[in-house]
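Just below is one structure, and these are the notes that go with it.
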Amino acid sequence: MEQFNTMLEAAVCAVTRCGSFRFATSDEKYDTKSLLSIAGVSDAETPADEDSFYVVSPGGAIGFCEDGRDIDWLFLTGSGIDEDLPARYQADPQINFCPKCGNSVVPGARFCGQCGKAL
Ligand SMILES: [Zn+2]
């Protein structure tokens, strides 16, 4: 699962996987446009600190990982299909992802081979 430093980055990824979302704790529904806008507002009001990050499930659900372990799923996909979402974050030991472009990079790499961002 990829890590994202801001909710907006996570939302940009999520909208490539799903077209509609719902808030995990209410029935409120969001389309891709409203999801991106609420993510931008959230980042401005409550930016994640250094130890926290957002994750996106394969189906497009967005979770917040405050301590690097437990995932608090914020947005679920609006497809009606309940995904099996993990409650714990498990870093993939083999593949890391560039925080800028999302390209997979080998563990220990100092720069992203795709966009050149220092890691
Ligand atoms: Zn990159």
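Things worth noting here:
- Only one of the numbered conditions (1) closer than 27 Å to Asn103 by Cβ; (2) out of contact with any helix residue (DSSP H, G or I) (no Cβ under 7 Å at 6 or more places or on another chain); (3) of a type in the set (Ser, Thr, Tyr) is violated by Ser79, and that is (1).
- Checking Arg88 against (1) at pLDDT 90 or above; (2) surrounded by 11 or more Cβ atoms within 10 Å (Cβ to Cβ), the condition it does not meet: (2)
The values are calculated or read from the model by the stated rules, or taken from the named source; none is laboratory data. Since this is a predicted model, take the numbers as computed values, not measurements. In this analysis, Cβ positions are derived from the backbone assuming ideal geometry, glycine residues included, and neighbour counts consider all displayed protein chains.
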